[in-house]
Amino acid sequence: MSQDLFQAPDYYQVDDLLSEEHKLVRDTAREWVKRAVSPIIEEAAQQAKFPTSIVSGLAEIGAFGPYIPEAYGGAGLDQISYGLIMQELERGDSGIRSTASVQSSLVMYPIYQYGNEAQRQKYLPKLASGELLGCFGLTEPDYGSNPAALVTNIKDMGDYYLLNGAKMWISNAPFADIAVVWAKNEEGRIKGLIVERGMEGFTTPETHNKWSLRTSATGELIFDNVKIPKENILPNKDGLGAPLGCLDSARYGIAWGAIGAAMDCYDTALRYAKQRIQFGKPIAGTQLQQKKLAEMITEITKAQLLTWRLGVLKNENRATTAQISMAKRNNVEMALKIAREARQVLGAMGITGEYAIMRHMMNLESVVTYEGTHDIHLLITGMDITGISAFK
Ligand code: TGC
Ligand code: FAD
């Protein structure tokens with residue numbers, strides 16, 4: 001990949017809305033991405049390998065549990081700082097943001113919110129430092145958008161639970177040390193449990209041949225009569241609302257992350273358009289390319305303002321699921337459209353690994369599907385404004 005010359009666009013001086021701490025956290029993550037992610041990420045994507053060398057750096061910049069209290073090893077930051085870290089990571093690559101999202105919002109968050117003190121003490125500090133990596137198993141081969149119908153199950157055996165079933169499309173699964181898994185008990189109630197690598201009957205085969213999110217390892221979780229100690233059940237919340245509560249937090253981070261990918265595509269296209277000469281002048285001087293670039297910065301600016309406001313609401317514990325859905329859906333689609341347009345601005349160069357645009361575009365094809373598809377988020381908005389569920 002060519003040298004990382006990224007300059008973040010801020011057309012409406014959104015920086016003025018950020019505190020000094022927000023800017024420090026953001027700039028630390030930005031500098032780290034330039035130094036540690038940009039030089040290695042293209043090769044990692046080409047080889048479809050999660051770059052394990054960056055795990056300690058992710059922990060150092062506070063990307064594992066940004067809003068988890070410091071007493072448990074987290075960074076103790078607010079929701080806007082969390083969002084800004086996700087933005088900077090996805091500026092580098094959605095797969096890197098994915099790994100941090102899963103660790104923070106889908107593994108540390110449920111242990112912190114739904115776990116007991118012993119579980120928090122046992123797992124959170126090691127997850128924050130990157131000594132342990134985790135994954136989140138909700139989706140099953142036959143139940144993606146409709147997790148309420150999941151069939152993975154636990155049976156009470158007196159001293160322990162017996163876990164059976166399978167999860168699919170699980171980020172971090174191939175290398176995760178622990179998995180937060182959602183399964184039904186004998187009453188059909190969804191429970192969260194912590195499954196540890198090494199438990200007999202638990203395997204995590206990798207999913208190969210992805211054209212998207214190639215720096216993030218994806219796999220299955222297979223449970224064949226796995227004995228789960230009773231102390232591994234998350235005691236403080238059950239029902240579908242428990243995993244969906246984690247998704248709220250992760251979707252919020254994705255809303256910010258997508259802006260990072262969009263900013264990178266825009267910045268690359270703008271620089272290229274100013275330098276690339278055709279018909280005796282920079283292509284940036286043509287009306288058609290200016291239209292593309294002007295629309296990109298307009299959409300990025302709208303997304304920045306939407307997401308900043310969502311962050312304020314989230315800090316005040318007032319952000320609703322439907323507001324988060326709107327931001328996730330809007331920003332991912334915005335980023336995907338910008339990636340497609342930006343790729344065209346670069347002509348043939350746009351399809352090479354010399355520039356990050358095509359990698360962002362392909363990554364975003366996963367981001368638009370996971371954590372609730374584009375359609376599902378639209379229907380969540382529809383349900384919110386009409387009061388009628390289209391899912392039932
Ligand atoms: P519904 O009847 O609406 O709700 C069931 C219960 O859950 C409560 N609830 C929530 N609670 C907390 N947070 C939320 N966001 C909640 N949404 C709903 C609700 O109040 C109710 O509670 P109760 O007490 O009345 O029982 O549920 P439904 O079955 O109709 O489904 C609604 C729907 C379709 C919106 C939901 O199932 C959904 O969001 N589906 C999408 C599935 C999804 O997003 N899966 C993501 C898997 S994880 C992933 O993709 C990780 S990618 C990670 C990466 O690499 O970054
Ligand atoms: P389906 O639910 O089968 O949907 C197929 C299509 O039908 C979609 O377009 C959908 O919008 C549409 N559709 C479904 N229902 C309706 C409806 N009622 N009305 C209209 N249209 C509808 N899951 C995890 O649990 N943990 C992870 O870590 C994780 N990581 C992932 C990583 C990657 C790279 C990918 C691609 C997925 C990951 N997922 C993970 C799974 C992801 O959350 C699901 O793929 C997603 O929720 C959609 O489920 P599905 O693929 O089964 O699609």
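The values are calculated or read from the model by the stated rules, or taken from the named source; none is laboratory data. Nothing here was measured: the structure is a model prediction, and the numbers come from that model. Glycine gets a Cβ as well: all are built from the backbone with ideal geometry, and neighbour counts include every protein chain shown. Only protein heavy atoms, including side chains, enter the accessible area calculation; ligands, DNA and RNA are left aside. Shrake-Rupley method; radii C 1.70, N 1.55, O 1.52, S 1.80 Å.
In the range 172-211, which residue that is more than 21 Å from the chain's Cα centre (by Cα) and polar (S, T, N, Q) is nearest to Gln47 (Cα to Cα)?
Thr203
In this structure, does Gly353 turn out to be away from ligand 2 (no atom under 16 Å from the Cβ), of a type in the set (Gly, Ala, Ser) and at positive phi?
no
Report, by residue number, each residue of the range 82-103 that is more than 26 Å from Glu43 (Cβ to Cβ) and touching a Gly at 6+ places or on another chain (Cβ under 8 Å). Let's see the steps before the verdict.
Residues of the range 82-103 more than 26 Å from Glu43 (Cβ to Cβ): 82-84.
Answer for the range 82-103, where residues must be more than 26 Å from Glu43 (Cβ to Cβ) and touching a Gly at 6+ places or on another chain (Cβ under 8 Å): Tyr82, Gly83.
Residues are listed down the side, and each one gets a yes or a no for (1) basic (Lys, Arg); (2) more than 16 Å from ligand 1 (Cβ to nearest atom); (3) buried (at least 23 other Cβ atoms within 10 Å of the Cβ):
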{"residue": "Ala250", "(1), (2), (3)": "no, no, yes"}
{"residue": "Ile259", "(1), (2), (3)": "no, no, yes"}
{"residue": "Asp267", "(1), (2), (3)": "no, yes, no"}
{"residue": "Arg271", "(1), (2), (3)": "yes, yes, no"}
{"residue": "Ala294", "(1), (2), (3)": "no, yes, no"}
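How many residues does the range 351-385 hold that are near ligand 1 (Cβ under 8 Å from one of its atoms), in a helix (DSSP H, G or I), of a type outside the set (Ser, Thr, Tyr) and open to solvent by 20 Å² or more (accessible area, probe 1.4 Å)?
Within the range 351-385, residues that are near ligand 1 (Cβ under 8 Å from one of its atoms), in a helix (DSSP H, G or I), of a type outside the set (Ser, Thr, Tyr) and open to solvent by 20 Å² or more (accessible area, probe 1.4 Å) number 4.
Of the conditions (1) open to solvent by less than 50 Å² (accessible area, probe 1.4 Å); (2) out of contact with any His (no Cβ under 9 Å at 6 or more places or on another chain); (3) within 18 Å of Leu84 (Cα to Cα), Lys302 satisfies every one except a single condition; which number is it?
Result: Lys302 fails condition (1) only.
Sort through Leu213, Leu234, Leu240, Leu244 and tell me the only one that's modelled with pLDDT of 95 or more, within 30 Å of Thr320 (Cβ to Cβ), hydrophobic (A, V, I, L, M, F, W, C) and open to solvent by 60 Å² or more (accessible area, probe 1.4 Å).
Residue meeting the stated conditions: Leu244.
With Leu244, Leu270 as the choices, which residue is assigned to a helix (DSSP H, G or I) and over 27 Å from Phe50 (Cβ atoms)? Show your work before the answer.
Numbers: Leu244 fails: over 27 Å from Phe50 (Cβ atoms).
Only one candidate qualifies: Leu270.
Give me the pairs: first residue in the range 367-389 and closer than 28 Å to Arg91 by Cα, second residue within 7 Å of ligand 2 (Cβ to nearest atom) and not in a loop (DSSP other than H, G, I, E, B), beta-carbon distance under 7 Å, and six or more apart or on different chains, which are they?
Val368/His374
Residue-wise test of (1) over 23 Å from Pro66 (Cα atoms); (2) in contact (Cβ under 8 Å) with a residue 24 or more places away in the chain; (3) within 15 Å of ligand 1 (Cβ to nearest atom).
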position	(1), (2), (3)
Gly137	no, yes, yes
Glu186	yes, yes, no
Arg189	yes, yes, yes
Arg197	yes, no, no
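Can you pull out every residue in the range 115-152 that is open to solvent by 10 Å² or more (accessible area, probe 1.4 Å), closer than 29 Å to Ile376 by Cα and away from ligand 2 (no atom under 16 Å from the Cβ)?
none
So which pairs qualify, if the first residue must be in the range 203-219 and under 20 Å from Pro39 (Cβ atoms) and touching a residue at least 40 places away in the same chain (Cβ under 8 Å), the second must be assigned to a loop (DSSP other than H, G, I, E, B) and open to solvent by less than 10 Å² (accessible area, probe 1.4 Å), the Cβ gap must be under 8 Å, and the two must be at least 6 apart or on different chains?
From residues that are under 20 Å from Pro39 (Cβ atoms) and touching a residue at least 40 places away in the same chain (Cβ under 8 Å), the pairs are Thr215/Asp93; Ser216/Asn172.
Which residue pairs have Cβ atoms under 7 Å apart, sit 6 or more places apart or on different chains, and have a first residue in the range 67-87 that is closer than 13 Å to Leu18 by Cβ and open to solvent by 10 Å² or more (accessible area, probe 1.4 Å) and a second that is assigned to a helix (DSSP H, G or I) and of a type in the set (D, E, K, R)?
Close Cβ pairs satisfying both conditions: Gln79/Lys314.
Taking only the range 134-180 into account, find how many residues are assigned to a strand (DSSP E or B) and not aromatic (Phe, Trp, Tyr).
Summing the residues that are assigned to a strand (DSSP E or B) and not aromatic (Phe, Trp, Tyr) in the range 134-180 gives 20.
Just one of (1) within 15 Å of the chain's Cα centre (by Cα); (2) within 17 Å of Ser105 (Cβ to Cβ) trips up Asn317, so point out which.
If we test Asn317 against (1) within 15 Å of the chain's Cα centre (by Cα); (2) within 17 Å of Ser105 (Cβ to Cβ), just (1) comes out false.
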